[in-house]
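The values are calculated or read from the model by the stated rules, or taken from the named source; none is laboratory data. Everything numeric in this text was worked out from a predicted model, so none of it was measured. Virtual Cβ from ideal backbone geometry, glycine too; neighbours counted across all protein chains shown.
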Amino acid sequence: MNEERLEAGFLGAGNMGQALIAGLVRSGVQPEAIGFAEPDADRAAAVRARFPGLVLLAPRQLARRVRTLVLAVKPQILPELALDLTAEVASADPLVISVAAGIGTERLGDWLGPQTRIVRAMPNTPALIGAGITGLYASPLATDADRKTADRLLGAVGATVWLEDEERMHAVTATSGSGPAYVFLLIEAMTRAAQRLGLDEATARQLTLATIGGATRLAQESDTDPGELRARVTSPGGTTERAIRVFETSGFAELVAEAMEAAAARSRELGG
Ligand SMILES: NC(=O)c1ccc[n+]([C@@H]2O[C@H](COP(=O)([O-])OP(=O)(O)OC[C@H]3O[C@@H](n4cnc5c(N)ncnc54)[C@H](OP(=O)(O)O)[C@@H]3O)[C@@H](O)[C@H]2O)c1
């Protein structure tokens, strides 16, 4: 029972779990201070090969031994797993950080116990390369130190934004959580259209990616509003104006709003 407490433990070491482990290791935490639970032996071996020294534990042992327990399994299997950890969480009292989409802190508290200090996080896939952005919400029981811990953990894979109203998590999910897929869709569509205009696939992709990356950086680094940046490249009677008119008459902005409302509605459904 006197085993040393581990810094953090990951229940689920899939895409998101491994991205966060990589961030922690990059930020200087020793793999020997990080635990993980993974039922599939091959997958567990692959994770340990990537992070030599990482400590493989059964879920209950993990919950008992860590200061911070990160829930990074699919939302569908979380209730069963969480209900199985109630006793361990009550006695070891770790900070619990959940990245599971849609599941609110109240439900997590129902499963893990009412005294649990919980931070909910919504990261996105660019976290895999340290370029993510995460929306964070702390339940009322979480302390300032807990917020700092969560900020450090998620901050190791990108930027962080704190919300004071948990309801806004649905909007974050619809914006940055699902957002990378919208951008990939645009990349696919622009690349295909460029090919239809006669470019080979490699050139079409190179031009598209550099344009989206460059325009994003310009918008980030400029004090000018994106609408104004757009106006500046849209000379009257020019090529850009012609293209923008097609987007506008086809209801592009309304379509984006509709898609994001659908994502937020689905997030609410997942939350039950
Ligand atoms: N990917 C994203 O962009 C993103 C963004 C925001 C939030 N999230 C959230 O992050 C969570 C994980 O997503 P993901 O994309 O990383 O999924 P994933 O790659 O499927 O990872 C889930 C991991 O949990 C493992 N697991 C399953 N049952 C387990 C158990 N009983 N004990 C311990 N580990 C178990 C899985 O192992 P097996 O493969 O062996 O079953 C897998 O390694 C989800 O709740 C998701 O909502 C993801």
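Identification of helices (runs of 4 or more DSSP H) wholly contained in the range 189-256 with 1 or more residues that are surrounded by 10 or more Cβ atoms within 10 Å (Cβ to Cβ) and assigned by TED's automatic domain parsing to the domain that holds P126 yields no element.
If we scan the range 45-53, do we find a residue that is under 25 Å from I133 (Cβ atoms) and not aromatic (F, W, Y)? Within the range 45-53, one or more residues are under 25 Å from I133 (Cβ atoms) and not aromatic (F, W, Y). Test L141 against the stated conditions and say whether it is surrounded by 24 or more Cβ atoms within 10 Å (Cβ to Cβ) and more than 25 Å from Y182 (Cβ to Cβ). Criteria not met by L141. The C-beta contact set for the range 1-30 (first residue free of Cβ contacts under 8 Å to residues at least 24 places away in the same chain, second residue loosely packed, with under 12 Cβ neighbours inside 10 Å and assigned to a loop (DSSP other than H, G, I, E, B), distance under 9 angstrom, 6+ apart or interchain) comprises Q30/G53.
Counting the residues of the range 49-60 that are within 13 Å of the ligand (Cβ to nearest atom) and either among the basic types (K, R) or in contact with a Pro (Cβ under 7 Å, 6 or more places away or on another chain) (or both) gives 2. Filtering V25, V96 for residues that are away from the ligand (no atom under 11 Å from the Cβ) and under 26 Å from M169 (Cβ atoms) leaves a single hit, V96.
In this structure, V161 does satisfy being in a strand (DSSP E or B) and farther than 19 Å from P59 by Cβ.
Scoring G17 on the criteria (1) touching a helix residue (DSSP H, G or I) at 6+ places or on another chain (Cβ under 7 Å); (2) in a helix (DSSP H, G or I); (3) closer than 21 Å to A156 by Cβ leaves a single failure, condition (1). Among the residues of the range 66-77, those that are near the ligand (Cβ under 8 Å from one of its atoms) and within 17 Å of the chain's Cα centre (by Cα) comprise L71, A72, V73, K74, P75.
A quick yes/no check of all residues on (1) touching a residue at least 24 places away in the same chain (Cβ under 8 Å); (2) within 22 Å of Q76 (Cα to Cα); (3) of a type outside the set (D, E); (4) more than 13 Å from the ligand (Cβ to nearest atom):
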| site | (1), (2), (3), (4) |
| --- | --- |
| A101 | yes, yes, yes, no |
| T105 | yes, yes, yes, yes |
| I118 | yes, yes, yes, yes |
| P123 | yes, yes, yes, no |
| I129 | no, no, yes, no |
| G132 | yes, no, yes, no |
| P140 | no, no, yes, yes |
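Candidates R120, R107: the one that is surrounded by fewer than 19 Cβ atoms within 10 Å (Cβ to Cβ) and within 21 Å of E269 (Cα to Cα) is R107.
Taking the range 211-262 as the range and being acidic (D, E) and under 19 Å from A194 (Cα atoms) as the test, only E241 passes.
Exactly one residue out of S98, S91 is polar (S, T, N, Q), over 19 Å from E32 (Cα atoms) and surrounded by fewer than 20 Cβ atoms within 10 Å (Cβ to Cβ): that is S91.
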